[in-house]
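Each remark here refers to the structure printed beneath this line.
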Amino acid sequence: MTADSAEKRVAELCQQIDHHNYLYYIRDQIEVPDAEYDRLMQELQDLEHQYPQLITSESPTQRVGSTPLTAFSEVQHEQPMLSLGNVFTEQDLIDFDQRVQDRLGKQDSERSMESLEYVCEPKLDGVAVSLLYRDGKLVRGATRGDGSQGEDITQNVRTISTIPLQLQGDGYPQTLEVRGELFIAKSTFEAINADALKHDQKPFVNPRNAASGSLRQLDPRITAKRNLEIYVYAAGWFEDGELADTHYQRLMQLHQWGLRTNPEIKKVQGVAECQAYYEEIGKKRDDLPYEIDGVVYKLNSIELQDQVGFISRAPRWATAHKFPAQEELTTLLDVEFQVGRTGAITPVARLEPVFVGGVTISNATLHNMDEIKRLDLHIGDSVIVRRAGDVIPKVVQVVKERRPSVTTEITMPDKCPICESEVLRDEEGIIYRCNAGLYCAAQRKESIKHFASRKALDIQGLGDKIVEQLCALDLLQSIADLYQLKSEQLVELEGFGEKSANKLTAAIEASKQTTLPKFIFGLGIREVGETTAKQLANQFGTLDAIQNADQESLEQTPEIGPIVAAHITHFFHDSHNRAVIEGLLAAGIVWPDIEVSVVSEGVFNGLVFVVTGKLEQMSREDAKQKIESLGGKVSGSVSAKTDYLLAGEKAGSKLAKAEALGVKILDEDQFIELANIL
Ligand code: IVH
């Protein structure tokens, strides 16, 4: 290839790759399979290697720089980066709108006639960023700093795949500054923290800290690994060109030029619709893949925005409507130790009650003693607690500056707080356990709750509170005693009448018709969850066979390793457990026979499968195990070696790739038929 044609090809490749990135990140579409994209990237890298003079800073190969900075340099914002005022209640919102109308000089008579148009947006809880484009090329990224002066983080923002290095299309001003929020998705945050813990590093307190910590890295190679994302929320300063005259249309323009805007953004009329938006987003909040701390309302017309103006550092034409905080400060009053179903002893924080995440909490989990050590937590400390969504509240940080002069250290008791048996540390040294098994009242109680739970015997109406009462009255010594309960005994319970007592005994009676997997799961064998219980049932077919299986044959079961196998044999060798099982069977618990699928063994011998998308009738894990149990192999990515792609709902790039490579595609029903599962 001549240098001339190489130059043309490099430009073409840059343009094509940018286009595919745009489709992928901005439009949620794909035009070519991953493999094709990888080939384009490879070709570009090869050409640039051969002709280094053709490398431009906008080339998609040049996102991650390799020279760490020694410090960030300062950036003067051409137009200050403002903050927002807040409203907390519907009345505050109405007042805000009134003030805007006042500023616009609206007469009382006009107000009810014609409401103002607002744009509603989620308020992302991340880090504000300014991106500067000249002639469509990203030339600078900066933090907000104090609003007038920020830090130059160009090297780092260049690594973020959702930020285009080159704008798409045309019509953008020659100089265009764009503002947005950088954030880390909830799932990425979990992964970063899991990794930090694995490497004995300190995890981040929340996704916002993770985002800002990742951005403050002087070495862009670290930032590149953190998977930061962006949603842009405004056009800032611009020169030599025009932008639309409403905020909403401007966002549409930014989107067209390849900048990522939030799909939840909505144009509304008047404050009643603003309030409705706030409530709607509030309901969605836990399901959104990123953290938000409220919504933002902005007057749509730029002309009206200019008329309304600013107050000190915030616009008068926009405001943030905050959700109740998810983090609050409180005091650790005490630590108690709870004994779980398997005897694991968990420290639980007793807190000065505090309103957080929409509810008042007075307890939070502390997981284990390592966590207490990591937090350097003492009784009496001021702590930050966090409750996001339905998640159990958590102590995330100690505020050392507020530590009182006298605090108490937290130590694990050496006797079980319930039955006073000896407490032992498990092999890894992290979990402490009461070894008394069902002799321990706490473990007994928890094992009954587990047995009655939905995925086990599903005894309707037998909630935790009732189990606790029954245990307190000594009516239940083991799960088998459930089937001896009489309505006359139940009527004695708090809140019970004859009707409810009869209803519960009927539910207990009905639970006798179950399935073998549910029964096995309900026994509460350590490390035997729902899936393992199903596998045991499928592999062995009968309870007898499972009870008598030795370590070796248990390990033949998919996904069961030596540790789980040991827990299973240990459980069934225990005479108390055997007696409980006999009691249950004597009470009349039955299940339909299971056909062990020997006929189809090996039908997938030597075949390579890839599983993708959402399956309806089984989990992906179940499907993988089925494939392996029938002699097939499961691979993570589609290639020419793949024989079948099992594609569920919303299968994405793997499906496209399989189609491109001519790999056979099975939907779930076809797979079930082929594997002869039913
Ligand atoms: S607009 C002129 N829109 O909230 C208005 N800000 O408290 C300037 N934020 O520093 C901001 N989502 O980092 C705006 N959709 C959104 C936002 C948003 C998050 C952050 C932003 C800003 C802070 C203001």
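The values are calculated or read from the model by the stated rules, or taken from the named source; none is laboratory data. The structure displayed is predicted, hence computed values, not measured ones. Reconstructed Cβ throughout: ideal geometry from the backbone, glycine too, with neighbour counts over all protein chains shown.
Residue-by-condition table, conditions (1) at pLDDT 85 or above; (2) more than 19 Å from Gly522 (Cβ to Cβ); (3) in contact with a helix residue (DSSP H, G or I) (Cβ under 6 Å, 6 or more places away or on another chain); (4) assigned to a loop (DSSP other than H, G, I, E, B):
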| residue | (1), (2), (3), (4) |
| --- | --- |
| Ala579 | yes, no, no, no |
| Leu584 | yes, no, yes, no |
| Gly588 | yes, no, no, yes |
| Pro592 | yes, no, no, yes |
| Val598 | no, yes, no, yes |
| Gly602 | no, yes, no, yes |
| Asn605 | no, yes, no, yes |
| Val611 | yes, yes, yes, no |
| Met618 | yes, yes, no, yes |
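Across segment 239-277, which residue is nearest to Ile163 (Cα to Cα) among those that are within 13 Å of the ligand (Cβ to nearest atom) and assigned to a helix (DSSP H, G or I)? Step through it out loud before you land on a result.
First pass over segment 239-277, keeping only residues within 13 Å of the ligand (Cβ to nearest atom): 247-248, 250-251, 254, 260-266, 277.
Filter again for assigned to a helix (DSSP H, G or I), leaving 247-248, 250-251, 254, 277.
Values: His247: 20, Tyr248: 20, Arg250: 17, Leu251: 15, Leu254: 12, Tyr277: 28 Å.
Here the residue is Leu254.
Kindly indicate whether any position in segment 91-102 is charged (D, E, K, R), assigned to a strand (DSSP E or B) and surrounded by 14 or more Cβ atoms within 10 Å (Cβ to Cβ).
Filtering segment 91-102 for residues charged (D, E, K, R) gives 92, 95, 97, 99, 102.
Filter again for assigned to a strand (DSSP E or B), leaving none.
So far as segment 91-102 goes, no, none of its residues is charged (D, E, K, R), assigned to a strand (DSSP E or B) and surrounded by 14 or more Cβ atoms within 10 Å (Cβ to Cβ).
When residues of segment 627-678 are filtered for being in a helix (DSSP H, G or I) and farther than 26 Å from Pro558 by Cα, how many remain?
Kept after step one, since they are in a helix (DSSP H, G or I), are these residues of segment 627-678: 627-629, 653-661, 668-675.
After this cut, where a residue has to be farther than 26 Å from Pro558 by Cα as well, the list is 653, 655-661.
Residues flagged as in a helix (DSSP H, G or I) and farther than 26 Å from Pro558 by Cα within segment 627-678 amount to 8.
Search segment 173-185 for residues that are at positive phi and in a strand (DSSP E or B) and pair each with any residue that is among the aromatic types (Phe, Trp, Tyr) and more than 13 Å from the ligand (Cβ to nearest atom) when their beta-carbon atoms are under 8 Å apart and the residues are at least 6 apart or on different chains.
Going by the 8 Å Cβ cut-off, there are no qualifying pairs.
Rundown of residues vs (1) over 23 Å from His367 (Cα atoms); (2) not charged (D, E, K, R), yes/no style:
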position	(1), (2)
Pro404	yes, yes
Glu427	no, no
His450	no, yes
Ala456	yes, yes
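Within the bounds of segment 613-633, is there any residue that is farther than 22 Å from Leu536 by Cβ, over 29 Å from the mean Cα position of the chain (by Cα) and of a type in the set (Asp, Glu)?
Looking for residues that are farther than 22 Å from Leu536 by Cβ, over 29 Å from the mean Cα position of the chain (by Cα) and of a type in the set (Asp, Glu), one finds none in segment 613-633, hence no.
Filter segment 327-362 down to residues that are closer than 28 Å to Leu523 by Cβ and under 25 Å from the mean Cα position of the chain (by Cα), then give me how many there are.
Selection size over segment 327-362: 3.
Any chance segment 429-445 includes a residue that's charged (D, E, K, R) and part of a helix (DSSP H, G or I)? First the steps, then the outcome.
Looking only at segment 429-445, we keep the residues that are charged (D, E, K, R), and these are 433, 444-445.
Applying the additional criterion that residues be part of a helix (DSSP H, G or I) yields 444-445.
Among the residues of segment 429-445, at least one is charged (D, E, K, R) and part of a helix (DSSP H, G or I), which makes the answer yes.
Of all residues in segment 440-460, which are within 25 Å of Glu422 (Cβ to Cβ), touching a residue at least 60 places away in the same chain (Cβ under 8 Å) and out of contact with any strand residue (DSSP E or B) (no Cβ under 8 Å at 6 or more places or on another chain)?
Our first condition is that a residue be within 25 Å of Glu422 (Cβ to Cβ); within segment 440-460, this holds for 440-450.
Among the residues that remain, those that are also touching a residue at least 60 places away in the same chain (Cβ under 8 Å) are: 440, 442-443, 446-447, 449-450.
Those that are within 25 Å of Glu422 (Cβ to Cβ), touching a residue at least 60 places away in the same chain (Cβ under 8 Å) and out of contact with any strand residue (DSSP E or B) (no Cβ under 8 Å at 6 or more places or on another chain): Ser447, Lys449, His450.
Using beta carbons and a limit of 6 Å, which pairs, at least six apart or on different chains, have the first residue in segment 43-71 and among the basic types (Lys, Arg) and the second one part of a loop (DSSP other than H, G, I, E, B)?
Arg63/Arg158; Arg63/Thr159
Just one of the numbered conditions (1) in contact with a Ser or Thr (Cβ under 7 Å, 6 or more places away or on another chain); (2) over 24 Å from Gly652 (Cβ atoms) is not true of Ile30; which one?
Among (1) in contact with a Ser or Thr (Cβ under 7 Å, 6 or more places away or on another chain); (2) over 24 Å from Gly652 (Cβ atoms), Ile30 violates only (2).
How many of the residues making up segment 309-341 are more than 11 Å from the ligand (Cβ to nearest atom) and of a type in the set (D, E, K, R)? Lay out the reasoning, then the answer.
Here is the first cut: in segment 309-341, the residues more than 11 Å from the ligand (Cβ to nearest atom) are 309, 311-312, 321, 323-341.
With of a type in the set (D, E, K, R) added as a condition, the list becomes 327-328, 334, 336, 341.
Residues that pass the stated criteria total 5.
Is it the case that some residue within segment 160-169 is within 14 Å of the ligand (Cβ to nearest atom), buried (at least 22 other Cβ atoms within 10 Å of the Cβ) and of a type outside the set (D, E, K, R)?
Within segment 160-169, the first condition is being within 14 Å of the ligand (Cβ to nearest atom), and the residues that meet it are none.
No, segment 160-169 contains no residue that is within 14 Å of the ligand (Cβ to nearest atom), buried (at least 22 other Cβ atoms within 10 Å of the Cβ) and of a type outside the set (D, E, K, R).
Which count do you get for residues in segment 280-308 that are of a type in the set (D, E, K, R), more than 14 Å from the ligand (Cβ to nearest atom) and over 22 Å from the mean Cα position of the chain (by Cα)?
1
Report yes if Pro289 is modelled with pLDDT under 90, surrounded by fewer than 18 Cβ atoms within 10 Å (Cβ to Cβ), not in a strand (DSSP E or B) and not acidic (Asp, Glu), otherwise no.
Working: modelled with pLDDT under 90: no; surrounded by fewer than 18 Cβ atoms within 10 Å (Cβ to Cβ): yes; not in a strand (DSSP E or B): yes; not acidic (Asp, Glu): yes.
Answer is no for this residue.
Condition check ((1) touching a Lys or Arg at 6+ places or on another chain (Cβ under 8 Å); (2) farther than 20 Å from Leu93 by Cα; (3) at pLDDT below 95; (4) of a type in the set (A, V, I, L, M)) across all residues:
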{"site": "Met252", "(1), (2), (3), (4)": "no, yes, no, yes"}
{"site": "Gly258", "(1), (2), (3), (4)": "no, yes, no, no"}
{"site": "Ile265", "(1), (2), (3), (4)": "no, no, no, yes"}
{"site": "Gln269", "(1), (2), (3), (4)": "no, no, no, no"}
{"site": "Gly282", "(1), (2), (3), (4)": "no, no, yes, no"}
{"site": "Leu299", "(1), (2), (3), (4)": "no, no, no, yes"}
{"site": "Arg341", "(1), (2), (3), (4)": "yes, yes, yes, no"}
{"site": "Val348", "(1), (2), (3), (4)": "no, yes, no, yes"}
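Which count do you get for residues in segment 496-545 that are under 36 Å from the mean Cα position of the chain (by Cα) and without any contact (Cβ under 8 Å) to a residue 40 or more places away in the chain?
6
For residues in segment 214-238 being assigned to a helix (DSSP H, G or I) and under 19 Å from the mean Cα position of the chain (by Cα), which is surrounded by the most Cβ atoms within 10 Å (Cβ to Cβ)?
Filtering segment 214-238 for residues assigned to a helix (DSSP H, G or I) gives 214-215, 220-225.
From what is left, the residues that are under 19 Å from the mean Cα position of the chain (by Cα) are 214, 225.
Details: Ser214: 24, Lys225: 14.
It comes out as Ser214.
Condition check ((1) in a helix (DSSP H, G or I); (2) modelled with pLDDT of 90 or more) across all residues:
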{"position": "Glu494", "(1), (2)": "no, no"}
{"position": "Ser500", "(1), (2)": "yes, yes"}
{"position": "Thr505", "(1), (2)": "yes, yes"}
{"position": "Gly524", "(1), (2)": "no, yes"}
{"position": "Glu527", "(1), (2)": "no, yes"}
{"position": "Thr531", "(1), (2)": "yes, no"}
{"position": "Gln535", "(1), (2)": "yes, no"}
{"position": "Ala545", "(1), (2)": "yes, yes"}
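May I ask you to list the residues in segment 185-209 that are away from the ligand (no atom under 14 Å from the Cβ) and closer than 30 Å to Arg134 by Cα?
Restricting attention to segment 185-209, the residues satisfying the condition of being away from the ligand (no atom under 14 Å from the Cβ) are 185-206, 209.
If the condition is that a residue be away from the ligand (no atom under 14 Å from the Cβ) and closer than 30 Å to Arg134 by Cα, then Ala185 is the only one that fits.
I'm told Asp426 meets every condition in (1) in contact with a Gly (Cβ under 8 Å, 6 or more places away or on another chain); (2) at pLDDT below 95 except one. Can you identify the failing condition by its number?
The failed condition is (1).
Could you tell me whether any residue of segment 107-123 is closer than 20 Å to Gln76 by Cβ, crowded, with 20+ Cβ neighbours inside 10 Å, acidic (Asp, Glu) and touching a residue at least 60 places away in the same chain (Cβ under 8 Å)?
From segment 107-123, those closer than 20 Å to Gln76 by Cβ are none; that's our starting set.
Checked against the condition, which is being closer than 20 Å to Gln76 by Cβ, crowded, with 20+ Cβ neighbours inside 10 Å, acidic (Asp, Glu) and touching a residue at least 60 places away in the same chain (Cβ under 8 Å), segment 107-123 yields no hits at all.
Taking the condition of being more than 14 Å from Leu69 (Cα to Cα) and among the basic types (Lys, Arg), how many residues in segment 189-225 meet it?
Residues in segment 189-225 being more than 14 Å from Leu69 (Cα to Cα) and among the basic types (Lys, Arg): 4 in total.
Which ones in segment 116-130 are more than 6 Å from the ligand (Cβ to nearest atom) and of a type outside the set (D, E, K, R)?
Initially, segment 116-130 is screened for residues more than 6 Å from the ligand (Cβ to nearest atom), giving 116-120, 122, 125-127, 129-130.
Correct list: Leu116, Tyr118, Val119, Cys120, Pro122, Gly126, Val127, Val129, Ser130.
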